[in-house]
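For reference, the structure is listed below as structure tokens.
The values are calculated or read from the model by the stated rules, or taken from the named source; none is laboratory data. These numbers come from a predicted model, not from an experiment. Neighbour counts run over all protein chains shown; Cβ positions are idealised from the backbone, glycine included. Calculation scope for accessible area: heavy atoms of the full protein, side chains included, ligands and nucleic acids excluded. Shrake-Rupley method; radii C 1.70, N 1.55, O 1.52, S 1.80 Å.
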Amino acid sequence: EFDAAVIEVAGAGFSADLSIDGLPEKDDDYLLELPKAAIATPVSQTFSLLNSSAQTIRYAFADVVAGLSLQPAIGHILAGRSQQITAAVNSNQPMSLSLESVACTFE
């Protein structure tokens with residue numbers, strides 16, 4: 001005959017309304033790492049914003065650092081759809097980006 005034990009379990013699950021696909025995670029954030037390039041040589045990388053909610057989401061990138069462009073920087077993503085974003089750097093001057101933060105607000 002076997003003894004019985006009771007294990008109590010608690011937890012929660014969630015689904016983010018807006019998530020990022022195509023960028024590696026680093027310390028609970030995402031890392032957009034562009035390759036080194038010669039001056040006046042554009043470099044770019046794409047990633048996607050995914051809308052997991054049941055409603056259209058409006059997004060906007062704020063506080064974008066000089067020399068970096070995110071296109072489209074403002075937009076709407078329909079429920080269940082995604083939007084491809086292109087991050088690009090093209091500078092006529094030497095520049096260095098070192099873990100600069102760019103906020104993406106959404107509602």
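Numerical summary
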| item | result |
| --- | --- |
| Ser19, sole failed condition from (1) under 30 Å from Met95 (Cα atoms); (2) touching a Cys at 6+ places or on another chain (Cβ under 9 Å); (3) not basic (Lys, Arg) | (2) |
| Residue ID - nearest to Gly80 (Cα to Cα), chosen from residues in segment 34-44 that are open to solvent by 50 Å² or more (accessible area, probe 1.4 Å) and not β-branched (Val, Ile, Thr) | Ser44 |
| Unmet criterion (only one of (1) touching a residue at least 40 places away in the same chain (Cβ under 8 Å); (2) under 15 Å from the mean Cα position of the chain (by Cα)) for Thr41 | (2) |
| Residues being modelled with pLDDT under 90 and farther than 18 Å from Gly22 by Cα - total across segment 90-107 | 10 |
| Hits in segment 53-85 (condition: modelled with pLDDT under 95, open to solvent by 60 Å² or more (accessible area, probe 1.4 Å) and under 15 Å from the mean Cα position of the chain (by Cα)) | Asp63 |
| Close pairs (6 angstrom Cβ cut-off, 6 or more residues apart or separate chains): over 19 Å from Glu25 (Cβ atoms) and touching a residue at least 12 places away in the same chain (Cβ under 8 Å) in segment 81-107, of a type in the set (Lys, Arg) and open to solvent by 70 Å² or more (accessible area, probe 1.4 Å) anywhere | Glu107/Arg58 |
